[in-house]
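Structure first, then comments.
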Amino acid sequence: MFSATDYDKLQQIIEEAPWKKELLTRLLESHRMEVSAISHEIRNPFTLIYSTLQMIEGERPDVTACTHWQTLRRDMEYMKQLLEELSSYNNGDHLKLAPMDTNTFLKTLALSFASSLVDTDIEFRSEISPELPPVTVDGVKLRQVLLNLLGNARDAVTSASCPRDHSPSIGLRAHLSGGMLQITVSDNGCGIPEEELSHIFQPFVTHKENGTGLGLAIARRIVAAHGGTLVVTSAPGVRTVFTVSLPI
């Protein structure tokens, strides 16, 4: 599978000449179809196995008390998540663009995420500049990107492996900068070590338990397909900031 960096290099080459664009576009489409075919072939028998497990649980409820059964269920849930995210990664640059009211979209997203923190001690602040201009985006996929970043921030500030002497906090900020819409998601969790920053967007790279390593790779592909960028800065033990920049 091509990495996020490979795709970036290919896009740069595509822009150099028309004949390169045609050739590499066909190559990328062939690669996408191959990944889709493999994913589809795996999904069919997996669905049958998953359904069979559910039937067994219905007929023999006592089986759920078995430790090995619970391990099997967790592994199946992980595989289900992996297949779904692999499909999302493969189709990350297939957009359904439409004009969107930026302020309404971001305020609704902020309220939705805030509601998920009601029973926690996490402080959440959103700063959305008034009267942001409308943007033409794939609203569903942009929402997926931002919820992924916010979810990662929540995981970072609640990680048991991250001792803290301050209250956990997450921030969402949106404003205009240099003709671009900039949306930042920040948290004061453990942070990301410098040696990990260079490959954090690579597929299947994860430092989270039960993580697939595709979430950030998917987010970056979606943002890049919009003609934007997704970057990260982090000071371990202080703050981590992901910045999405989108053209107006």
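Tabulated values for the structure
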| read-out | value |
| --- | --- |
| Per-peptide average of other Cβ atoms within 10 Å, ordering 102-111, 216-225 highest first | 216-225, 102-111 |
| Quarter of the Cα convex hull surface for the stretch 93-248, i.e. its orientation-mean projected area (nm²) | 9.1 nm² |
| Ranked packing of 175-185, 63-73, most packed first, by mean Cβ within 10 Å | 175-185, 63-73 |
| Peptides 139-147, 54-62 ordered by average Cβ neighbours within 10 Å, highest first | 139-147, 54-62 |
| Amide H within-cut-off set for residue 214, under 5 Å, with H built and near neighbours excluded | 204 |
| Computed accessible area, residue 124, all protein chains, 1.4 angstrom probe, square angstrom | 40 Å² |
| Neighbourhood net charge (15 Å Cβ-Cβ; Lys/Arg +1, Asp/Glu -1) for residue 70 | -1 |
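The values are calculated or read from the model by the stated rules, or taken from the named source; none is laboratory data. Quick caveat, the model's predicted, so the values are computed rather than measured. All Cβ positions, glycine included, derive from the backbone under ideal geometry; neighbour counts span all protein chains shown. Just the protein is used for accessible areas: all its heavy atoms, side chains included, with ligands, DNA and RNA removed. Shrake-Rupley method; radii C 1.70, N 1.55, O 1.52, S 1.80 Å.
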